[in-house]
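The values are calculated or read from the model by the stated rules, or taken from the named source; none is laboratory data. What you are looking at is a predicted structure, and each value in this text was computed from that prediction instead of being measured. FYI the Cβ positions are ideal-geometry reconstructions off the backbone, even for glycines, and counts take in every protein chain you see.
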Amino acid sequence: MVVIWGVVGILYVLSQTDEPLVMVVGVSLWPSDLIRLAAGLLSLWLIFLGFRRIRADDEELQNEFYLEQSPYVDRRGVKALFETLFTFLDWLAYAYVAASGSNDRATNGRKVWSKYLEFATPRQRVLRIVITGSLFYSIGFIMLYGFDNQPLLPYRGEFAFWASTIVDLFILGLPFTFLLFGALDEILLSSCLIHHLTRAPTRWNESREAYRSKFPEISDEALDSWITVRFLAARTEMTASVMNYPFMILLLILFSLSTTFDNWDTTASVAGILGFCFLLTGYAMVVLRHAARKGKENILEQIEDQLVTHRIQAASSDKERLALLVERIRHLQRGAFRHWYQEPVIKALLWVLGVASLLITQYIRIGV
């Protein structure tokens, strides 16, 4: 009831201004501003919901896989915050450098999870989100208002101008920016966790005993690989859904720019900022899927190595052992032995050529 009366009150106030309050005639900015107001409030709620879901998911994983409940105590103070931030950057860089290959040195799943929790505390997440989000927001503000091609607001009256500006910059702009970079931070953190758990065989000493009753005949190494796959599937399921949050807000923003409501001027800076946000959202999903696929391939390769080892040990002659070893070498796809189209440089080049061809095609079409 309070919400209904609040909406009625807002509509009444808007109807008393110089800006007409009509919905689809194309002469009022109030419908667009109301959509953006709703998008901003929805962004705030999604930020709160995302933090709650991530925390609940981490607690559920700790219970399911018998991980430590409180392995890390968040240190207080600005110095400690920034020290942990730089440690996170080092952990992140090491994960992506190590992701280009794998090794045989086993990793302890509990230790990796403890390190993850060190960087997943609310204070650390907020610090990273505020730093990156504020930087992006400042650049976007300069792009919008620092050049001659400022977006033209189709306002009528000073009240409409200031109301629309406040909604765009603060009620929608700030919450959406922090929502976007909060989702990106979650994607980056989860991808980093995947790389650390799959670059080498991971040992789950506590979890293995719980799964032993289901797989009594499987070796410890194979069972650990199965637990790693289950763990990553459960962890990335929630992460992928969080990335849908900024995408929903972007769709609402695009809808609010429709000329059905008013004669909105979509300048190059506005189109560039929105396009970059869409690219960030899509790229984050690609990063997560690539990390999960690469991790799955590493685990399968570890299991295949175990399988070849067992076959060689069970072979009755040297001829069979050599044949199995030759077969394994022929199927090895790592380093310089991978196919040319699997090289990271070639993949990046194909992405750049694809995007460039789309832009050139669009430019030619506009020119014609």
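For the reader, a short list of remarks on this structure follows.
- Of all residues in segment 171-183, one or more are in contact with a Lys or Arg (Cβ under 8 Å, 6 or more places away or on another chain), surrounded by fewer than 21 Cβ atoms within 10 Å (Cβ to Cβ) and closer than 30 Å to Leu29 by Cβ.
Per-residue answers, yes or no, for (1) outside the structural domain of Arg110 (by TED's automatic domain parsing); (2) at pLDDT below 85; (3) loosely packed, with under 15 Cβ neighbours inside 10 Å:
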{"site": "Thr228", "(1), (2), (3)": "no, no, no"}
{"site": "Ala240", "(1), (2), (3)": "no, no, no"}
{"site": "Phe247", "(1), (2), (3)": "no, no, no"}
{"site": "Gly272", "(1), (2), (3)": "no, no, yes"}
{"site": "Gly282", "(1), (2), (3)": "no, no, yes"}
{"site": "Leu288", "(1), (2), (3)": "no, no, no"}
{"site": "Ala291", "(1), (2), (3)": "no, no, no"}
{"site": "His310", "(1), (2), (3)": "yes, yes, yes"}
{"site": "Leu322", "(1), (2), (3)": "yes, yes, yes"}
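- Within segment 296-319, residues that are within 27 Å of Leu197 (Cβ to Cβ) have Cβ atoms under 9 Å from residues that are among the charged types (D, E, K, R) and exposed (fewer than 15 other Cβ atoms within 10 Å of the Cβ) in these pairs: Glu301/Arg334; Gln302/Asp104; Asp305/Asp104; Val308/Glu327; Arg311/Glu320, counting only partners at least 6 apart in sequence or on another chain.
- Some residue of segment 189-210 being in the same structural domain as Phe51 (by TED's automatic domain parsing), under 24 Å from Leu44 (Cα atoms) and basic (Lys, Arg): no
- Options Leu172, Leu254, Leu197, Leu232; residue that is more than 19 Å from Glu59 (Cα to Cα) and in contact (Cβ under 8 Å) with a residue 24 or more places away in the chain: Leu172
- Some residue of segment 107-122 being of a type in the set (A, V, I, L, M, F, W, C), surrounded by 14 or more Cβ atoms within 10 Å (Cβ to Cβ), at pLDDT below 70 and in the same structural domain as Gly182 (by TED's automatic domain parsing): no
- Where helices (runs of 4 or more DSSP H) sit wholly within segment 117-235, those with at least 3 residues that are over 29 Å from Val286 (Cα atoms) and out of contact with any helix residue (DSSP H, G or I) (no Cβ under 7 Å at 6 or more places or on another chain) occupy 158-166, 205-211.
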